[in-house]
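The values are calculated or read from the model by the stated rules, or taken from the named source; none is laboratory data. Computed from a predicted model, the values in this text were never measured in an experiment. Reconstructed Cβ throughout: ideal geometry from the backbone, glycine too, with neighbour counts over all protein chains shown. Protein only, heavy atoms only, side chains kept; ligands, DNA and RNA dropped before computing areas. Shrake-Rupley method; radii C 1.70, N 1.55, O 1.52, S 1.80 Å.
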Amino acid sequence: MIEYYEQLSEEEQDDIKHVIQTLYRQTFLLERKFEKRTGRMVPVREYRVCSKHREFLEKYFAVAGITLQENLHMGVMYIQGETLWGEKLSRLATIYILVLKLIYDEQMASVSSSSQIVTTLGALNGKAGDFRVLRSIPSPTEMKRTIAMLKKYQLIEPLDVLEELNESTRLLIYPCIHAVLQGDAVREVLESFGSSREEEEETLGNIG
């Protein structure tokens, strides 16, 4: 394994190093990302690098008990393993990710698999409200910070200017959201969020 890496050019070694760091940071790579300048999906370099050196990377991650998987249908490569530790997310970010997964699954079930899945911030908050996981609409600052974080980790791509965030703001949902829990499990988690919120409010009411 080491011999393979040492035989590569310095540029290829740097490419592999970047791919490994990216996978550890966000656990997945997208085959294509939306480019606002051209208004279309364009190939992602890291995905090509991962495909080219996949056998080496599989062996590399296997040492740590991590598997490298590829979903050709969705255009996603991702790693799985009990030793992975993701970034601690805020409650709103967790709720948004779970709701985005539900919206993605629902739209995928009703349209062609080649279609881009787009929703709006209003629909996202509305769906969260249906599960009673939001006491009220988050502040613009909190929503903007959360949407920016989800964009950073390539879960979504805002199609409108982030500085002008409102309920009509369109959000392209990337297929990597598919790596989140299965639809039924997501609903159970959201319902548990809602139940805990109701219990918290009931307790506060009794204290008052």
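Highest mean first, the peptides 121-131, 162-172 sorted by other C-beta atoms within 10 Å per residue fall in the order 121-131, 162-172.
Note on residue 22 and residue 135: the model spin-label points, each 7 Å out from Cα along the C-beta direction, lie 4.0 nm apart.
Solvent-accessible area of segment 1-88 (1.4 angstrom probe, protein heavy atoms only): carbon and sulfur portion equals 49 percent. The 1.4 Å probe gives accessible areas that order 4, 78, largest first, as 4, 78. In a reduced charge model with +1 at each Lys and Arg Cβ and -1 at each Asp and Glu Cβ, segment 1-145 shows a dipole moment near 960 debye about its Cα centre. Heavy-atom accessible area with a 1.4 Å probe sorts 18, 73, 53, largest first, into 73, 18, 53. Heavy-atom accessible surface of segment 1-42, averaged per residue, reaches 67 Å², computed with a 1.4 Å probe.
Looking at the square roots a ≥ b ≥ c of the eigenvalues of the Cα gyration tensor of segment 5-80, which shape do they give, rounded for a/c under 1.5, prolate if a/b is larger than b/c, or oblate? Oblate, because a/c is 1.5 or more while a/b does not exceed b/c. Excluding same-chain neighbours fewer than eight residues apart, the lysines reachable from residue 127 by a Cα-Cα span under 21 Å are 101, 144, 151. Residues in segment 149-158 carry Karplus couplings, in order, of 5, 5, 5, 4, 8, 6, 8, 9, 9, x Hz; the curve used is 6.51 cos²θ - 1.76 cosθ + 1.60 with θ = phi - 60°, and Gly or Pro positions show x. Each residue of segment 26-34 was assigned a 3J(HN,Hα) from its phi angle through the Karplus curve 6.51 cos²θ - 1.76 cosθ + 1.60 (θ = phi - 60°); the sequence is 10, 6, 8, 10, 8, 6, 9, 10, 7 Hz, with glycine and proline shown as x. Positive-end ranking of 60, 9, 26 along the dipole of segment 1-134, with charges on Cβ about the Cα centre, is headed by 26. Across all Cα pairs in segment 42-170, the calculated P(r) in 10 Å bins from zero up to the longest distance comes to 10, 34, 32, 20, 4 percent per bin.
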